[in-house]
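K.L.:
Got a structure for you, written out below as structure tokens; questions coming shortly.
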Amino acid sequence: MKKINLNLLILTSILTLLPILVGLILWKDLPASLPSHFGLDGQADGFSSKLEVVFLIPLVMLGLHLFAVIVTSLDPKASHVSPKMKILVYWLVPLISGLVQLSIYGAALGIIANSTRIGLVMVGIVFLVVGNYLPKTKQNYTVGIRLPWTLDSEENWNKTHRLAGRLWVLGGTIILLNGFLSWAVLYVFFGVLLVMVLVPIFYSYWISRSY
């Protein structure tokens, strides 16, 4: 990604802010205080004003979106990132923004009973997609498992990302399925997440020590 895809950036930025328009359309039907955070049991455990939810959250998401795209585009080794992973950088935050606002509006209007379930399904899908493309991503400074050992050795990077890719696909599948099953959600989610994060790190370190 030597340069920013301006047309795609404009499109995805508009989509990131689209929940503001939806919020304005629903404004009269939304309560003064809306659920803005949900526990893993699906119950709201945090609330914000209507103004904050409709305007502030999408604007914060837009800031994150622009930051992710710009930082990735400035990476000296951006050309090493697979094309599909580059596209994911553009679309990830807009999708999350839509999901977050859908969950909030739906819960506030009594349409969605368990927003956490939607979140788990989406997170599982994201992990599946990222895991599929991790092994195809070459050394760079913004996307992937960026450790001193992986950045120092191309062989270490490739081996670590092949393992991580399998773990992320498997972990994403488990989280996705558990979004429907709702079995020990707290333990399954964080247990799977720890394996996905820590195993590749320790594996990468072990490889570096074996040279």
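The values are calculated or read from the model by the stated rules, or taken from the named source; none is laboratory data. Computed from a predicted model, the values in this text were never measured in an experiment. Cβ: placed from backbone, ideal geometry, glycine included. Neighbour counts: every protein chain shown.
K.L.:
Within the range 57-86, take every residue that is of a type in the set (K, R) and either within 29 Å of T116 (Cβ to Cβ) or more than 20 Å from the chain's Cα centre (by Cα) (or both) and give me the one that is surrounded by the most Cβ atoms within 10 Å (Cβ to Cβ).
P.N.:
To start, the set of residues in the range 57-86 that are of a type in the set (K, R) comprises 77, 84, 86.
Keeping just the survivors that are either within 29 Å of T116 (Cβ to Cβ) or more than 20 Å from the chain's Cα centre (by Cα) (or both) gives 77, 84.
Values: K77: 14, K84: 12.
The extreme case among them is K77.
K.L.:
Residue pairs, Cβ under 9 Å, 6 or more apart or interchain, first in the range 148-176 and assigned by TED's automatic domain parsing to the domain that holds V126, second acidic (D, E). List them.
P.N.:
Listed pairs, sorted by first residue: none to list.
K.L.:
Inspect the range 87-99 for any residue being polar (S, T, N, Q), touching a residue at least 24 places away in the same chain (Cβ under 8 Å) and surrounded by fewer than 21 Cβ atoms within 10 Å (Cβ to Cβ) and give the result as yes or no. Spell out how you get there, then give the answer.
P.N.:
From the range 87-99, those polar (S, T, N, Q) are 97; that's our starting set.
Restricting the remaining residues to those that are touching a residue at least 24 places away in the same chain (Cβ under 8 Å) gives 97.
Pick out the ones that are also surrounded by fewer than 21 Cβ atoms within 10 Å (Cβ to Cβ) and you get none.
No; the residues of the range 87-99 include none that is polar (S, T, N, Q), touching a residue at least 24 places away in the same chain (Cβ under 8 Å) and surrounded by fewer than 21 Cβ atoms within 10 Å (Cβ to Cβ).
K.L.:
Among the residues of the range 7-56, which ones are assigned to a helix (DSSP H, G or I) and aromatic (F, W, Y)? Let's see the steps before the verdict.
P.N.:
Taking the range 7-56 as the starting set, the residues that turn out to be assigned to a helix (DSSP H, G or I) are 7-25, 27-29, 50-56.
Within the range 7-56, W27, F55 meet the criteria.
K.L.:
Give the residue, chosen from L181, L194, that is farther than 25 Å from K77 by Cβ, surrounded by fewer than 19 Cβ atoms within 10 Å (Cβ to Cβ) and at pLDDT 95 or above.
P.N.:
Exactly one of L181, L194 is farther than 25 Å from K77 by Cβ, surrounded by fewer than 19 Cβ atoms within 10 Å (Cβ to Cβ) and at pLDDT 95 or above, namely L194.
K.L.:
Looking at V121, V126, V71, V130, which one is assigned by TED's automatic domain parsing to the domain that holds L9 and assigned to a helix (DSSP H, G or I)?
P.N.:
Values: V121 fails: assigned by TED's automatic domain parsing to the domain that holds L9; V126 fails: assigned by TED's automatic domain parsing to the domain that holds L9; V130 fails: assigned by TED's automatic domain parsing to the domain that holds L9.
After ruling out the rest, the residue left standing is V71.
K.L.:
Against the definition (buried (at least 18 other Cβ atoms within 10 Å of the Cβ) and either of a type in the set (V, I, T) or at pLDDT below 90 (or both)), how does V54 come out, yes or no?
P.N.:
Values: buried (at least 18 other Cβ atoms within 10 Å of the Cβ): yes; either of a type in the set (V, I, T) or at pLDDT below 90 (or both): yes.
Yes, satisfied.
K.L.:
Tell me yes or no: at least one residue of the range 53-75 is more than 21 Å from T12 (Cβ to Cβ) and small (G, A, S).
P.N.:
No, the range 53-75 has no match at all.
K.L.:
Could you list all residues from the range 102-111 that are β-branched (V, I, T) and either surrounded by 19 or more Cβ atoms within 10 Å (Cβ to Cβ) or in a helix (DSSP H, G or I) (or both)?
P.N.:
I104
K.L.:
May I ask you to list pairs of residues, at least six apart or on different chains, whose Cβ atoms are under 7 Å apart, with the first in the range 26-40 being outside the structural domain of V185 (by TED's automatic domain parsing) and in contact (Cβ under 8 Å) with a residue 24 or more places away in the chain and the second being hydrophobic (A, V, I, L, M, F, W, C) and exposed (fewer than 14 other Cβ atoms within 10 Å of the Cβ)?
P.N.:
D29/L109; L40/L186
K.L.:
Given the structure, is R162 among the charged types (D, E, K, R) and crowded, with 18+ Cβ neighbours inside 10 Å? I'd like the intermediate steps shown before the answer.
P.N.:
Details: among the charged types (D, E, K, R): yes; crowded, with 18+ Cβ neighbours inside 10 Å: no.
Taking the combined requirement at face value, the residue does not satisfy it.
K.L.:
If L120 satisfies every condition in (1) within 30 Å of W183 (Cα to Cα); (2) without any contact (Cβ under 8 Å) to a residue 12 or more places away in the chain but one, which is the exception?
P.N.:
Only one criterion is unmet by L120, namely (2).
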